[in-house]
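Visitor: Before I ask anything, let me first share the structure, which is written out below as structure tokens.
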Amino acid sequence: MQLDIDWVRAQFPAFASEALAGQLHFENAGGSYACRPVIDRLTRFYTERKVQPYGAADPSRLAGEEMDEARTRLAALMGVARDEVSFGPSTTQNTYVLAQAFREHLSDGDAIVVTEQDHEANSGPWRRLADAGIEVREWRIDPATGHLDREALAALLGDGRVRLVCFPHCSNVVAEINPVAEIVAQVHAADAVACVDGVSYAPHGLPDVAALGADIYLFSAYKTYGPHQGIMVIRRALGEALPNQAHFFNAGSLYKRFTPAGPDHAQIAASAGIADYLEAMADRHGIAPADTHDLMRAHEIRLLQPLLDAVTGRNGVRLLGPADGATRAPTVALDVPDPQGAARALAARGINAGASDFYAVRPLKAMGIDPARGVLRLSFVHYTSEDEVRTLVSALEDAI
């Protein structure tokens, strides 16, 4: 079955916007377009529900119900309980809150593992635990390929002192899809907790977190067709064991324990639109909502491989990560002589691409790339069309 790309694009108002006519969006790793159900829910909340939620009056009652609906439906798509899903202002801030909880939870002599492959949001907050006397061990990447080797992880886990391992589902520059379930099993066998940064993976299909086995899974709604919120899954046993980071009277509510600030009512409610969209996609294609993941990925892989083929082996161009589309996300970072100039050349042809370090300073340095120069990044998701990729490939001939 192939994705009905015309139906998909009709669900995103950006593609009908006159202001964006002729523009191709290839910086989706920095933020995707919002789907219509999210926009409609956000508009409705701001016009009809913008009151304190969970009260007796109808606008207040409905506001609370819509916030609960978002949590319930996203939890169902990821195979977890409703109160195991928390919202926060961003994944970075959510991770900082979790790091503070672990700072109180861990003891002298404990160790944690972080990777060189991560975006700084799932690296920096954890590394700061060293200030509290926690040993921080680094799972290094292969400097040529960016790959994380599981044998290297085994060596880090060997003495039984590691209590937490933080790693990405896939990196925002290397883009190789890590074998999360296998890594989590390895971590659990060492009696440690697994924290997975899914920010760069979730836009390509919400994962079955229960099947992956992760204790913590984090991603960003604004990169997954939704509003600017960070979404956390924290499994119950861990969430109840960690110290409460919220108001003392919220300690008994699992989904409130790690959101010390007041929640953004409207954006939480609007996040139910992500579930609306995925369920409508399932209906359109006659599949179960969980199967939209494979449908989206198949479309992305089919479009990604020609792009990878076009840049692999070119003089002066280094592709970060694997050249096989089936093993990576469609986030293509290229080490080229002038990333900023290449981005400007693409912009002149109506193609929006990124040129930066993308907060991936550590992996770029580990791969011998100057973060100040950065890389050219071309990223897309399932709503990208085959014609758009062809146009991009053609424009690259001149841009790089």
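The values are calculated or read from the model by the stated rules, or taken from the named source; none is laboratory data. Keep in mind it's a predicted model, so treat the numbers as computed, not measured. All Cβ positions, even for glycine, are placed from backbone atoms using ideal geometry, and neighbour counts span all protein chains on display. Protein only, heavy atoms only, side chains kept; ligands, DNA and RNA dropped before computing areas. Shrake-Rupley method; radii C 1.70, N 1.55, O 1.52, S 1.80 Å.
Visitor: Nearest 0.05, what FRET efficiency do Tyr54 and Ala241 give at R0 = 30 Å with Cβ-Cβ as r? All intermediate terms of the calculation are to be shown ahead of the outcome.
Guide: Numbers: r = 28 Å, r/R0 = 0.92.
Calculated transfer efficiency: 0.60.
Visitor: Oh, and also: Given springs between every Cα pair under 10 Å in a Gaussian network model of the chain, which of Ala63, Ala29, Ala130 has the largest fluctuation?
Guide: Ala130
Visitor: Of the heavy-atom accessible surface of the chain (probe 1.4 angstrom), what whole percent is carbon and sulfur? Write down the numbers at each step before the final one.
Guide: Details: 7770 of 15520 Å².
C and S atoms contribute 50 percent here.
Visitor: Could you please report the charge total around Asn172, scoring K, R as +1 and D, E as -1 over all other residues with beta-carbon less than 14 angstrom from its beta-carbon?
Guide: Summing Lys and Arg as +1 and Asp and Glu as -1 gives -3.
Visitor: Ratio of alpha-carbon Rg to the 2.2 N^0.38 Å globular estimate for the chain, to two decimals, please.
Guide: Values: Rg = 21.0 Å, N = 400, 2.2 N^0.38 = 21.4 Å.
Its radius of gyration relative to the 2.2 N^0.38 Å reference: 0.98.
Visitor: Just from its helices, what would the mean residue ellipticity at 222 nm be for the chain, if runs of 4 or more DSSP H residues each count -39500 (n - 2.57) and the sum is divided by every residue, rounded to the nearest 500 deg cm²/dmol? Numbers along the way, then the final one.
Guide: Numbers: 15 runs with 156 residues, N = 400.
Dividing the helical sum by the residues of the chain leaves -11500 deg cm²/dmol.
Visitor: Here's another thing I want to ask about it. Considering only DSSP beta bridges where both residues belong to the chain, give the percentage that are antiparallel (nearest 5).
Guide: Values: 21 of 40 bridges.
DSSP beta bridges in the chain are roughly 50 percent antiparallel.
Visitor: Same structure, new question: Please build a GNM for the chain, connecting alpha carbons under 10 Å apart, and tell me which residue among Ala353, Ala21, Ala326 fluctuates the most.
Guide: Ala21
Visitor: Let me ask something else about it. Using label points projected 7 Å from each Cα along Cα→Cβ, tell me how many nm separate Val393 and Arg128, to one decimal.
Guide: 4.5
Visitor: Let me ask something additional. Counting Lys and Arg as +1 and Asp and Glu as -1, what is the net charge of the other residues whose Cβ lies under 15 Å from the Cβ of Glu104? Could the numbers behind the result be given before it?
Guide: Values: positive: Arg103, Arg128, Arg163, Arg257; negative: Asp108, Asp110, Asp131, Glu240.
Net charge around Glu104: 0.
Visitor: Also: Just how far, in whole angstrom, is the stretch 173-242 from the stretch 295-356 if you go by their alpha carbon centroids?
Guide: 25
Visitor: Percent relative contact order of the chain, based on C-alpha pairs within less than 8 angstrom and at least six residues apart?
Guide: Values: 792 pairs, mean separation 93.4, N = 400.
Once divided by the residue count of the chain, the mean separation gives 23 percent.
Visitor: Taking a probe of 1.4 Å, how large is the accessible area per residue of the chain, in Å²?
Guide: 39
Visitor: Using a Förster distance of 22 Å, how high is the FRET efficiency between Ala323 and Ala210, based on the Cβ-Cβ distance and rounded to 0.05?
Guide: Details: r = 32 Å, r/R0 = 1.45.
According to the calculation, E is roughly 0.10.
Visitor: When only DSSP loop residues count, what chymotrypsin sites (Phe, Trp or Tyr not before Pro) in the stretch 36-67 have their Cβ near at most 16 other Cβ atoms within 10 Å? Provide the component values of the computation, followed by the final result.
Guide: Numbers: sites: Phe45, Tyr46, Tyr54; in loops: Tyr54.
Qualifying residues, ordered by number: Tyr54.
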